[in-house]
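See structure below.
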Amino acid sequence: MATIQDRLRIPWSGGAKQIAFDAILPIFIIPAMLLLASMSLWWTIFTFTTVVIFLTLISRFFIKNIPHTKFFFLWTITTLTVLYFIFEFIVIPFLEILLEENIALSVLIFGFVISVCLMKKRTKQLFMIVESSRNDKEGDRLKSCNICQIKVPSRDRHCLWLDCCVGNHNRCLFISALFFATSALTYSSNLTLTSVCHPFTLYRAILLPDDCSDVYKLFELGLSFVSAVYSLALAAILLLLFLQQLVLVSLGITAKEWNKLPLVSKLCLGMFANRPHSKGFCRNWTQVICWSGNPQYEQFNQEV
Amino acid sequence: MLINVILAVGLAILMILVYFPGRHARHYSYIRVENVLDEILWAAPVQSKLKNCSYEDIIVKNVDVDISSIYGTRYFEIPLKGGEYKPKNCTPLIKTALIVPYRNRATHLKVFLNYMHHFLQNQRIHYQIFIVDQNDTLPFNRAKMLNYGAKIAIEMGYPCLILHDVDLIPINTGNIYGCSKTPRHMSSSLDTFRYNLPYLTLFGGAVAILSSQFKQVNGMSNKFYGWGAEDDDFYRRLITNGITPYRFSPEISRYTMLPHVKEIASSERFTVLAQGSEQHKVDGLSSLSDESVIKQEDLYTHIFAS
């Protein structure tokens, strides 16, 4: 909580006005999107499409012109807050969700928040490690990130949405954040949809929604339904990312290398591609899971 | 330091707000399936050559009905005029009046009758279905309609009343439609509530109560127009009379609700509920007018009241 508040403050007190403006945009866009979408099915389709198009355009603009923007990170925080608020204060008062289901969801969200906080902490530590040993020879897998302006071991990507570089130092946390976020979003959307729609049981155990035709007739139902649809869409995207990460780590390549692979090779999950940095399935994973700062850095130097 | 204390207190308040049990659906205590037979109040068997109907296998070998099949035509014996049925090859030990308040739900009624005759006949009980139709233009008064139905059923000598909504369909065959010694909330595991119980004192939907108990609490209140709270008032009446209703196992208490838009609670419900408890003696079965018309239909007894 404290970290979130701390980060929320940055655009207000610190940076230039322009940056503050782009950063606070999501605080207005997301609630407006959900409120408009809750009016009718056509509004839902319309607002969601508009937001997707808007995001594609604005992200290009931001990456080009304001690479340090907190817009994407604020988008994540606002989404998390708004969805959680709708769940706790609109869906829960329908009195259809058990206390343990609510607690289970909180645990998943907590797992996500902790993973992201640790990711950022490790990146900060990395900054110090790399600074202190700048004079050393640099490993060829140590790539610099021009947004964070640090060198990252086996840099995978700069995650705009978490405002954090992903490399071997925090890849395990990134994967766990993806896992927790996907599960939390799927679970919360299932709880919401089975509350506001007509549910049915699959194999007498799993409850799934089957008829959501009446949700737009009542504002609370509409808003809950739309937030669940939004969660489900995010969950789908994050699930793909999560699976991609699993494949990439198993193969020992980065996202960039993956993109360069020919289509045939991608279809074979890159098994037969040339992977100069891969150390085999098990060692790739231990390297990601057991990353612990300095020793790893030394290992880079030894390899050179 | 002070900020930390404020933060901690704030966090604690937030935790209580978020995880307060009253905000959630509840787990509840219930009679287990194997004890259900001991709880049912059996009617004294009439002297006859037939042997008594057995109910054990109905409860023990209970199965869930496929929900998609409830709309299909189901086989049942044509009941006597007025929707009364007695099993022919054994003497029933359960005699129940099924009272259904109703207005303007023709499609639901059709599905309900088609399903319930089949369902109840399979349970080998003596039953009669009463549809109580509100024929005025005021908002729907569920409790008053139930009072009319109960009054007529009691006059006809039914010892057990089941107060039932027309949009509820029991989906477990072991959900026995007889009265227990204590009034019983039957629809505790409803699909539109995710098979959970919204709150512990919920006493609406489908309820089984002995006629003697219904008379003892002077029935339900006649003052609740619109949707909501009449069942809460009924629960209070029972509690003030020292009767605490219970529930049977969720396994046999599964219901499905026929599709319609979720209703919004009437805004006056709490004001009427607040003035409730002193009114129990004067408002209820005793304050009912005699202006009701009874019509015997093929599948049910139709009562018109207002």
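The values are calculated or read from the model by the stated rules, or taken from the named source; none is laboratory data. The structure displayed is predicted, hence computed values, not measured ones. FYI the Cβ positions are ideal-geometry reconstructions off the backbone, even for glycines, and counts take in every protein chain you see.
What pairs can you find where one residue is in the stretch A:212-234 and farther than 12 Å from A:Thr192 by Cα, the other is among the polar types (S, T, N, Q) and at pLDDT 85 or above, and their Cβ atoms are less than 8 Å apart, with a gap of 6+ or different chains?
A:Tyr216/A:Ser38; A:Tyr216/A:Ser40; A:Phe219/A:Ser38; A:Leu234/A:Thr79
Residue under question is B:Lys51, and the condition is that it be in contact with a Cys (Cβ under 9 Å, 6 or more places away or on another chain) and away from chain A (no Cβ under 14 Å); does it hold?
Working: in contact with a Cys (Cβ under 9 Å, 6 or more places away or on another chain): yes; away from chain A (no Cβ under 14 Å): yes.
Yes; evaluated as a whole, the condition is true for this residue.
Please state which one of A:Ser40, A:Ser59 is over 30 Å from A:Ser213 (Cβ atoms) and of a type in the set (Gly, Ala, Ser).
On the way: A:Ser40 fails: over 30 Å from A:Ser213 (Cβ atoms).
Going through A:Ser40, A:Ser59 in turn, the sole match is A:Ser59.
Listed residues B:Tyr225, B:Tyr195; which is within 14 Å of another protein chain (Cβ to nearest Cβ) and among the hydroxyl-bearing types (Ser, Thr, Tyr)?
Numbers: B:Tyr225 fails: within 14 Å of another protein chain (Cβ to nearest Cβ).
Exactly one residue qualifies, and that residue is B:Tyr195.
Taking the stated definitions as given, is A:Ile90 touching a residue at least 12 places away in the same chain (Cβ under 8 Å), within 14 Å of another protein chain (Cβ to nearest Cβ) and more than 21 Å from A:Ala177 (Cβ to Cβ)? Please lay out each step first, then the result.
Values: touching a residue at least 12 places away in the same chain (Cβ under 8 Å): yes; within 14 Å of another protein chain (Cβ to nearest Cβ): yes; more than 21 Å from A:Ala177 (Cβ to Cβ): yes.
In short, yes.
Check the stretch A:241-260 and report whether any residue there is closer than 24 Å to A:Thr81 by Cα, more than 14 Å from chain B (Cβ to nearest Cβ) and at pLDDT 80 or above. Give the derivation first.
The initial filter retains those residues of the stretch A:241-260 that are closer than 24 Å to A:Thr81 by Cα, namely A:241-242.
Pick out the ones that are also more than 14 Å from chain B (Cβ to nearest Cβ) and you get A:241-242.
Those still in the list that are at pLDDT 80 or above too: A:241-242.
The answer is yes; a qualifying residue exists.
If you check A:Thr69 against the conditions, is it of a type in the set (S, T, N, Q) and either within 14 Å of another protein chain (Cβ to nearest Cβ) or in contact with a His (Cβ under 6 Å, 6 or more places away or on another chain) (or both)? If you could, list the steps in order and put the result at the bottom.
Values: of a type in the set (S, T, N, Q): yes; either within 14 Å of another protein chain (Cβ to nearest Cβ) or in contact with a His (Cβ under 6 Å, 6 or more places away or on another chain) (or both): no.
Considered against the rule, which asks whether it is of a type in the set (S, T, N, Q) and either within 14 Å of another protein chain (Cβ to nearest Cβ) or in contact with a His (Cβ under 6 Å, 6 or more places away or on another chain) (or both), A:Thr69 comes out as no.
Taking into account only those residues within the stretch A:21-48 that are within 22 Å of the chain's Cα centre (by Cα) and over 21 Å from A:Ile86 (Cβ atoms), which is modelled with the highest pLDDT?
Looking only at the stretch A:21-48, we keep the residues that are within 22 Å of the chain's Cα centre (by Cα), and these are A:22-34, A:47-48.
Filter once more, so that each one left must be over 21 Å from A:Ile86 (Cβ atoms): A:22-23.
Numbers: A:Asp22: 76, A:Ala23: 79.
Residue satisfying both the conditions and the ranking: A:Ala23.
Looking at A:Arg60, A:Arg9, can you tell me which residue is at pLDDT below 85 and surrounded by fewer than 13 Cβ atoms within 10 Å (Cβ to Cβ)? First the steps, then the outcome.
On the way: A:Arg60 fails: at pLDDT below 85.
Matching residue, one of A:Arg60, A:Arg9: A:Arg9.
Residue pairs, Cβ under 8 Å, 6 or more apart or interchain, first in the stretch B:277-297 and in contact (Cβ under 8 Å) with a residue 24 or more places away in the chain, second among the polar types (S, T, N, Q) and assigned to a helix (DSSP H, G or I). List them.
B:Ser277/B:Thr240; B:His280/B:Thr240; B:Gly284/B:Asn147; B:Leu285/B:Asn147; B:Leu288/B:Asn147
Could you go through the stretch B:181-189 and let me know if any residue there is in contact with a helix residue (DSSP H, G or I) (Cβ under 9 Å, 6 or more places away or on another chain), surrounded by fewer than 23 Cβ atoms within 10 Å (Cβ to Cβ), over 25 Å from B:Val33 (Cβ atoms) and away from chain A (no Cβ under 14 Å).
no
In this structure, does B:Leu197 turn out to be in contact with a His (Cβ under 8 Å, 6 or more places away or on another chain), under 18 Å from B:Tyr255 (Cα atoms) and not aromatic (Phe, Trp, Tyr)?
Values: in contact with a His (Cβ under 8 Å, 6 or more places away or on another chain): yes; under 18 Å from B:Tyr255 (Cα atoms): yes; not aromatic (Phe, Trp, Tyr): yes.
Yes: the conditions hold for B:Leu197.
For the stretch A:212-240, what are the residues that are of a type in the set (S, T, N, Q) and facing chain B (nearest Cβ under 10 Å)?
If we filter the stretch A:212-240 for residues that are of a type in the set (S, T, N, Q), which is where we start, we get A:213, A:224, A:227, A:231.
A:Ser213 - this is the single residue of the stretch A:212-240 that is of a type in the set (S, T, N, Q) and facing chain B (nearest Cβ under 10 Å).
Quick grid of which residues meet (1) part of a strand (DSSP E or B); (2) within 14 Å of chain A (Cβ to nearest Cβ); (3) in contact (Cβ under 8 Å) with a residue 40 or more places away in the chain; (4) among the polar types (S, T, N, Q):
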| site | (1), (2), (3), (4) |
| --- | --- |
| B:Ile59 | no, no, yes, no |
| B:Ile70 | no, yes, yes, no |
| B:Tyr75 | no, no, yes, no |
| B:Ala97 | yes, no, yes, no |
| B:Asn104 | no, no, no, yes |
| B:Lys110 | no, no, no, no |
| B:Asn114 | no, no, yes, yes |
| B:His118 | no, no, yes, no |
| B:Tyr127 | yes, no, yes, no |
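What strands (runs of 3 or more DSSP E) lie completely within the stretch A:157-212 and have 3 or more residues being over 15 Å from the mean Cα position of the chain (by Cα) and at pLDDT 85 or above? Break it down into steps so the answer makes sense when it comes.
Values: elements: A:157-159, A:164-166, A:198-202, A:206-211.
Hits in the stretch A:157-212: A:198-202, A:206-211.
Can you name the residue in the stretch B:20-46 that is in contact with a Ser or Thr (Cβ under 9 Å, 6 or more places away or on another chain) and assigned to a loop (DSSP other than H, G, I, E, B) and is also nearest to the other protein chains (Cβ to nearest Cβ) among such residues?
Of everything passing the filter in the stretch B:20-46, B:Tyr28 is nearest to the other protein chains (Cβ to nearest Cβ).
Residues B:Met15, B:Met1: which one is loosely packed, with under 14 Cβ neighbours inside 10 Å, of a type in the set (A, V, I, L, M, F, W, C) and more than 14 Å from every other protein chain (Cβ to nearest Cβ)? Talk me through it step by step, then tell me what you get.
Numbers: B:Met15 fails: more than 14 Å from every other protein chain (Cβ to nearest Cβ).
So the residue among B:Met15, B:Met1 that is loosely packed, with under 14 Cβ neighbours inside 10 Å, of a type in the set (A, V, I, L, M, F, W, C) and more than 14 Å from every other protein chain (Cβ to nearest Cβ) is B:Met1.
Pull up the stretch A:189-211, narrow it to residues that are touching a Ser or Thr at 6+ places or on another chain (Cβ under 6 Å) and touching a residue at least 40 places away in the same chain (Cβ under 8 Å), then point me to the one that is farthest from the other protein chains (Cβ to nearest Cβ).
Taking the stretch A:189-211 as the starting set, the residues that turn out to be touching a Ser or Thr at 6+ places or on another chain (Cβ under 6 Å) are A:189, A:192, A:196, A:207, A:209.
Right, trim to touching a residue at least 40 places away in the same chain (Cβ under 8 Å) and you get A:189, A:192, A:196.
Details: A:Ser189: 14, A:Thr192: 11, A:Val196: 8 Å.
Among residues in the stretch A:189-211 that are touching a Ser or Thr at 6+ places or on another chain (Cβ under 6 Å) and touching a residue at least 40 places away in the same chain (Cβ under 8 Å), the one farthest from the other protein chains (Cβ to nearest Cβ) is A:Ser189.
Yes or no, residue by residue, for (1) more than 10 Å from chain B (Cβ to nearest Cβ); (2) surrounded by fewer than 18 Cβ atoms within 10 Å (Cβ to Cβ); (3) without any contact (Cβ under 8 Å) to a residue 60 or more places away in the chain; (4) part of a helix (DSSP H, G or I):
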site	(1), (2), (3), (4)
A:Ile86	yes, no, no, yes
A:Glu100	no, yes, yes, yes
A:Ile103	no, yes, yes, yes
A:Ile109	yes, no, no, yes
A:Lys121	yes, yes, yes, yes
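So, B:Pro250, is that one over 14 Å from the mean Cα position of the chain (by Cα), more than 21 Å from B:Ala150 (Cβ to Cβ), free of Cβ contacts under 8 Å to residues at least 40 places away in the same chain and within 13 Å of another protein chain (Cβ to nearest Cβ) or not? Show your work before the answer.
Working: over 14 Å from the mean Cα position of the chain (by Cα): yes; more than 21 Å from B:Ala150 (Cβ to Cβ): yes; free of Cβ contacts under 8 Å to residues at least 40 places away in the same chain: no; within 13 Å of another protein chain (Cβ to nearest Cβ): yes.
No; evaluated as a whole, the condition is false for this residue.
Is the stretch B:10-27 home to any residue that is modelled with pLDDT of 85 or more, in contact with a Gly (Cβ under 7 Å, 6 or more places away or on another chain) and of a type outside the set (Ser, Thr, Tyr)?
Within the stretch B:10-27, none of the residues are modelled with pLDDT of 85 or more, in contact with a Gly (Cβ under 7 Å, 6 or more places away or on another chain) and of a type outside the set (Ser, Thr, Tyr).
Checking the structure you have, find out if any residue of the stretch B:171-186 is touching a Gly at 6+ places or on another chain (Cβ under 9 Å) and under 20 Å from B:Leu41 (Cβ atoms). Write out each step before concluding.
The first filter runs over the stretch B:171-186 and keeps only residues touching a Gly at 6+ places or on another chain (Cβ under 9 Å), leaving B:185-186.
Going one step further and asking which of them are under 20 Å from B:Leu41 (Cβ atoms), we end up with B:185-186.
Yes; the residues of the stretch B:171-186 include at least one that is touching a Gly at 6+ places or on another chain (Cβ under 9 Å) and under 20 Å from B:Leu41 (Cβ atoms).
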